[in-house]
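The values are calculated or read from the model by the stated rules, or taken from the named source; none is laboratory data. Remember, predicted model here, so these are calculated numbers, not experimental data. Neighbour counts are summed over all protein chains in view; Cβ atoms, including those assigned to glycine, are modelled from backbone coordinates with ideal geometry.
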Amino acid sequence: MCGIIGGICKDNITPILLSGLKRLEYRGYDSAGVVVLSNDNKLSRARAVGKVVNLETSIQKQSPKIQGSLGIAHTRWATHGEPSTQNAHPHICFDTVSVVHNGIIENFLKLKQEQKAQGYAFTSDTDTEVIVHSIHQALKTSESLLKAIQKVVKTFEGTYSLGVISSEYPGHIVVARSGSPLIIGISDKGNFIASDQVALLDITKKFIFLKEGDTADITLNSITIYNQNDRQINRAIKTSNLKNNQIDLGDYKHYMQKEIFEQPQAIRDTLESRITKDTVLLSAFGHHAETIFTNTEHIQIIACGTSYNAGLVAKYWLEDIAKMPTNIEVASEYRYRNPIVLDNTLLITISQSGETADTLEALKSIKKRHKNIHTLTICNCAESSLTRESELILLTHAGPEISVASTKSFTTQLASLALLSVAIGKCHKQVDKQQEASIVDSLNRLPGLIKKTLEQESQIIELARSFKDKFNAIFLGRGTMHAIAMEGALKLKEISYIHSEAFPAGELKHGPIALIDKDTPVIAIAPNDQLLDKLKSNLQEVKSRGSQMIVFEDEMSNVPPMKNMTVMSITHNLGRITAPIIFIIPLQLLSYHVALIKGTDVDKPRNLAKSVTVE
Ligand code: F6R
């Protein structure tokens with residue numbers, strides 16, 4: 001969370017910082033700020049609460065203008081201290097040092113007490129302010145800004161990526177990273193830093209991905225990088241294949257809408273080169289995958305949010321198709337307990353960003369404690385912390401996902417997990433050629449099925465109207481559809497702020513049915529599977545309580561029409577692989593259109609951030 005950008009260039013850097021910040025807003029949008037070193041060597045700062053556009057307006061009004069060739073900027077997702085101008089970054093100490101920070105300094109209270117005793121005044125409630133004071137203090141006895149930063153980062157507990165400038169060192173921007181992402185962008189305009197390549201795509205495609213513990217001293221003509229032991233080191237320059245138009249809205253109104261409609265192509269891209277017309281290629285998972293999968297005896301999945309919901313579906317598939325005992329847990333819980341991890345476990349992390357702190361830390365701590373396990377990540381970002389920490393990598397080729405609410409990353413994760421279930425099943429001789437061919441055929445049909453489902457948008461817009469005055473909603477499903485119900489409920493709550501809960505339909509009578517009344521719509525998913533009759537009985541139970549019901553069914557499910565019930569047929573003959581991936585589509589569209597009716601900020605819902613790089 002929080003996005004940082006900075007750099008040193010030949011021209012005025014302010015417009016570059018502002019345009020980059022806008023692209024980083026997915027990381028947080030509680031406040032934004034910028035500090036630029038002016039030509040008369042003064043740090044000039046502007047900060048504003050809310051989105052970057054507020055900062056831009058405030059800068060336009062500011063006189064003298066904020067301009068210069070060296071600067072840093074930040075968009076914040078509040079952790080310590082409310083969203084306010086005082087708490088907005090960059091922070092400044094004694095008008096000489098300025099810092100932007102992404103992460104959390106866990107020992108900030110102790111450092112704050114020490115610094116207060118030394119006479120430093122605090123103007124914010126943030127943990128970050130101790131960083132700027134520490135650097136100011138260290139500069140008194142250090143020969144350079146870099147040396148001061150290398151000294152102080154050793155006193156920090158927690159996570160950070162930092163961009164630092166000082167009026168005493170004009171022409172230098174110094175960075176450090178540990179636990180939060182940071183990249184360096186190299187362009188003919190100058191050298192830049194950012195939390196993510198997307199911030200700099202307008203000016204460069206050439207990036208250096210800093211590693212854990214790295215620091216770097218950057219000038220207009222040089223980039224000098226040091227590893228965690230402060231030894232100078234070379235890091236490769238990579239050329240990004242991200243295209244600018246991948247992150248532009250085009251004709252769509254919102255990124256969420258664009259990303260929902262990109263799903264047929266995203267699935268095609270994810271499957272490309274990983275399947276033939278009837279087989280799943282084991283090589284897709286990396287050189288050692290076959291040996292690792294063959295030796296795997298248990299699977300543990302860890303993930304958060306939407307990625308966790310994808311993992312829930314995978315648990316069914318891995319046990320059903322590959323006959324592999326599979327557990328799944330949210331990473332934020334898993335990392336803080338002492339789970340029993342059996343030898344020959346394959347630990348799977350699932351993540352869009354590859355930077356989710358809970359998932360990353362859970363992976364690191366299990367790797368430290370258990371030697372006889374292997375790790376695989378299913379991730380959308382090739383150059384991420386999770387891919388670096390994992391032995392096997394399966395990238396979901398969803399393309400950049402900008403909207404805070406995940407959509408195409410979920411369906412591409414599911415497609416990847418279906419490939420994995422077949423691959424592991426093959427290694428354990430649980431999947432024969434016929435079954436494999438049939439699952440591959442289902443996967444190949446997905447883009448067409450999704451496209452057809454998206455064509456039903458106008459009916460979903462009609463359904464969305466009935467949510468205008470609703471405050472609660474209940475989602476029901478059985479088997480993998482319970483996971484889909486959970487994902488549907490997560491989408492609705494995060495972008496329309498309607499309190500939504502999902503239950504396994506059979507569990508309703510054990511308590512949640514007490515919630516049902518005429519003002520609480522119930523959304524049920526009815527695939528034509530072995531649990532259909534059970535689900536129909538559950539729907540009768542709901543109907544008797546007078547609720548408004550919406551049922552998304554397979555045409556072959558033939559859910560009998562009832563009073564206050566709208567049944568929408570999605571398509572027909574969906575199977576165990578296609579059904580979860582197809583049934584989430586109407587739920588994504590429903591949340592999107594309910595959010596439009598409610599008038600919320602669809603792509604940037606309140607209190608959220610796209611990439612949760614703090615605990
Ligand atoms: C919901 C959503 C979040 C993320 C979660 C994990 O729409 O986007 O629940 O799924 O924060 O993020 P990743 O997948 O990046 O690890």
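Restricting attention to the range 465-496, the residues that are within 16 Å of the ligand (Cβ to nearest atom) and either closer than 10 Å to residue 594 by Cα or part of a helix (DSSP H, G or I) (or both) total 14. Just one of the listed residues (240, 283, 273) is of a type outside the set (Phe, Trp, Tyr), closer than 30 Å to residue 25 by Cα and either surrounded by fewer than 23 Cβ atoms within 10 Å (Cβ to Cβ) or within 19 Å of the chain's Cα centre (by Cα) (or both), namely 240.
Just one of the listed residues (581, 570, 577) is in the same structural domain as residue 467 (by TED's automatic domain parsing), under 20 Å from the mean Cα position of the chain (by Cα) and not aromatic (Phe, Trp, Tyr), namely 581.
Scanning the range 239-253 finds one or more residues that are in a loop (DSSP other than H, G, I, E, B) and either among the aromatic types (Phe, Trp, Tyr) or within 29 Å of residue 45 (Cβ to Cβ) (or both). Can we say residue 333 is in contact with a Pro (Cβ under 9 Å, 6 or more places away or on another chain) and surrounded by fewer than 22 Cβ atoms within 10 Å (Cβ to Cβ)? It is false that residue 333 is in contact with a Pro (Cβ under 9 Å, 6 or more places away or on another chain) and surrounded by fewer than 22 Cβ atoms within 10 Å (Cβ to Cβ). Taking the condition surrounded by 20 or more Cβ atoms within 10 Å (Cβ to Cβ), modelled with pLDDT of 95 or more and within 17 Å of the chain's Cα centre (by Cα), does residue 4 pass? Answer is yes for this residue. Taking the criterion of being charged (D, E, K, R) and either in a loop (DSSP other than H, G, I, E, B) or modelled with pLDDT under 95 (or both), the residues of the range 26-59 that qualify are 27, 30, 40, 42, 51.
No other residue among 134, 63 is outside any strand (DSSP E or B), surrounded by 18 or more Cβ atoms within 10 Å (Cβ to Cβ) and free of Cβ contacts under 8 Å to residues at least 24 places away in the same chain apart from 134.
Tallying residues that are of a type in the set (Gly, Ala, Ser), assigned to a loop (DSSP other than H, G, I, E, B) and within 21 Å of residue 144 (Cβ to Cβ) within the range 84-114 yields 0.
Each residue in the range 404-456 was checked for being within 16 Å of the ligand (Cβ to nearest atom), assigned to a helix (DSSP H, G or I) and of a type in the set (Gly, Ala, Ser), and 3 of them qualify.
When residue 431 is tested against (1) buried (at least 23 other Cβ atoms within 10 Å of the Cβ); (2) among the aliphatic types (A, V, I, L, M); (3) modelled with pLDDT of 95 or more, only condition (1) is not met. Go through the residues of the range 371-392 one by one and say whether even a single one is within 11 Å of the ligand (Cβ to nearest atom) and acidic (Asp, Glu). No.
Output the residues belonging to the range 176-206 that are crowded, with 24+ Cβ neighbours inside 10 Å and free of Cβ contacts under 8 Å to residues at least 60 places away in the same chain. Within the range 176-206, 176, 177, 184 qualify. Considering the range 593-615, and only residues there that are out of contact with any Asp or Glu (no Cβ under 9 Å at 6 or more places or on another chain) and assigned to a helix (DSSP H, G or I), the residue that is nearest to residue 532 (Cα to Cα) turns out to be 594.
In the condition set (1) surrounded by fewer than 19 Cβ atoms within 10 Å (Cβ to Cβ); (2) among the small types (Gly, Ala, Ser); (3) modelled with pLDDT of 90 or more, residue 289 is compliant with all but (1). Being farther than 25 Å from residue 402 by Cα and at pLDDT 95 or above is the filter; apply it to the range 157-170 and report the residue that is surrounded by the most Cβ atoms within 10 Å (Cβ to Cβ). In this case the residue turns out to be 165. Taking each residue of the range 563-577 that is surrounded by fewer than 16 Cβ atoms within 10 Å (Cβ to Cβ) and looking for partners that are among the acidic types (Asp, Glu) and in a loop (DSSP other than H, G, I, E, B) with beta-carbon atoms closer than 8 Å, six or more apart or interchain, yields 572/554; 573/554. Taking the range 514-534 as the range and being farther than 18 Å from residue 563 by Cα and not in a loop (DSSP other than H, G, I, E, B) as the test, the residues that pass are 514, 515, 532, 533, 534.
Scanning the range 138-162 for residues that are in a helix (DSSP H, G or I) and touching a residue at least 60 places away in the same chain (Cβ under 8 Å) gives 145, 146, 149, 150, 153. Taking the listed residues 585, 516, the one that is touching a residue at least 12 places away in the same chain (Cβ under 8 Å), within 16 Å of the ligand (Cβ to nearest atom) and at negative phi is 585, with no other qualifying. Restricting attention to the range 497-513 and to residues that are at pLDDT 95 or above and among the hydrophobic types (A, V, I, L, M, F, W, C), the residue that is farthest from the ligand (Cβ to nearest atom) turns out to be 503. Here residue 500 meets each of (1) crowded, with 19+ Cβ neighbours inside 10 Å; (2) among the polar types (S, T, N, Q); (3) touching a residue at least 60 places away in the same chain (Cβ under 8 Å) with one exception, condition (3). Considered as a group, the residues in the range 535-547 that are surrounded by 13 or more Cβ atoms within 10 Å (Cβ to Cβ) and assigned to a helix (DSSP H, G or I) include one that is nearest to the chain's Cα centre (by Cα), and that residue is 535.
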